[in-house]
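Asks: Pasting in a structure now, in structure tokens, and then I'll have a few things to ask.
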Amino acid sequence: MPEESVYRRQAKVNEDTANAARLGFPDWAVIMCFYAAIHWINDYAFRQGEKIDDSDVSDSSPHKARGKYVKKLARAKKWGDLQDAYATLFRASMTARYLKDLEGKDRTAREHYAIYGVDFAFDCLKTIKNRLES
């Protein structure tokens, strides 16, 4: 069996970190679930011999290019759940990292995710892994 790619190994490390952060640092659990998802996507592209390219994405960024790649892959494979899971994790990580959508709520991302929980982030990561790991 071929050796695991560095992307897959990093995805597993990030998921382990997310699990360690789950109770005391829920904001970081969300962020690490998102970063694990990124590496599962990178691993899949690597194994397929594909490049996640941002050359045709206006205002290009790695996140926009990856989002476009996921959308294209989900459409081609009819994996709507993959696209939904990635979009949910992306939005949640924006809340955790930049307080997106928390403006005026007078709470930190940690407080927010302590109230609302992070199970959804682990569910999204599981969906992404299930679609991409084989």
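Bear in mind these aren't lab numbers, they're just calculated from the coordinates by the rules spelled out. These figures come from a predicted structure and were not determined experimentally. Quick reminder, even Gly has a Cβ in these numbers, built from the backbone with ideal geometry, and neighbours come from all protein chains shown.
Asks: Evaluate the charge dipole of the range 86-134 about its Cα centre and quote only its size in Debye, nearest 20, assuming +1 on the Cβ of each Lys and Arg and -1 on the Cβ of each Asp and Glu.
Replies: About 140 debye.
Asks: Tell me which GluC sites (Glu not before Pro) from the range 1-35 have a DSSP coil assignment and no more than 14 other beta carbons within 10 Å of their own.
Replies: Answer by residue number: 3, 4.
Asks: Could you give each residue of the range 87-99 its phi-based ³J(HN,Hα) in whole Hz, using Karplus coefficients 6.51, -1.76, 1.60 with θ = phi - 60°, and x for Gly or Pro?
Replies: Computed from phi, the couplings for the range 87-99 are 4, 5, 5, 4, 4, 5, 5, 5, 5, 5, 8, 10, 6 Hz.
Asks: Another question about this same structure. Could you work out which residue, out of 87, 36, 20, moves most in a Gaussian network model of the chain, that is, has the largest mean-square fluctuation with Cα springs under 10 Å?
Replies: Per the Cα network of the chain with a 10 Å cutoff, 20 tops the list.
Asks: What whole-number value in cubic angstrom gives the convex hull volume per residue for the C-alpha atoms of the range 70-132?
Replies: Taking the convex hull of the Cα positions in the range 70-132, it is 80 Å³ per residue.
Asks: Also, quick follow-up: DSSP loop GluC sites (Glu not before Pro) in the range 70-134 with at most 12 other Cβ atoms within 10 Å of their Cβ, which ones?
Replies: Sites meeting the loop and neighbour criteria: 103, 133.
Asks: 222 nm [θ] for the chain, helices only, -39500 (n - 2.57) per DSSP H run of 4+, per residue, to 500?
Replies: The helix contribution divided over the chain gives -24000 deg cm²/dmol.
Asks: Right, something else. Could you identify which residue out of 40, 28, 79 has the top mean-square fluctuation in a GNM of the chain using Cα springs shorter than 10 Å?
Replies: Its mean-square fluctuation being the largest, the pick is 79.
Asks: Between the range 59-94 and the range 100-134, what is the separation of their alpha carbon centroids in Å?
Replies: A separation of 15 Å, based on Cα centres.
Asks: I'd like to know how the range 3-54 sits against the 2.2 N^0.38 Å rule of thumb: what's its Cα Rg over that expected value?
Replies: After normalising by residue count via 2.2 N^0.38 Å, the value is 1.24.
Asks: Quick one: pull the percentage of alpha-carbon pairs in the range 1-94 with a separation above 16 Å.
Replies: 59
Asks: Counting Lys and Arg as +1 and Asp and Glu as -1, what is the net charge of the other residues whose Cβ lies under 13 Å from the Cβ of residue 31?
Replies: Taking every other residue near residue 31 into account, the sum is +3.
Asks: Name the lysines eligible as straight-distance cross-link partners of residue 68: C-alpha to C-alpha under 27 Å, and not fewer than 8 places from it in the same chain.
Replies: 12, 51, 77, 78, 100, 126, 129
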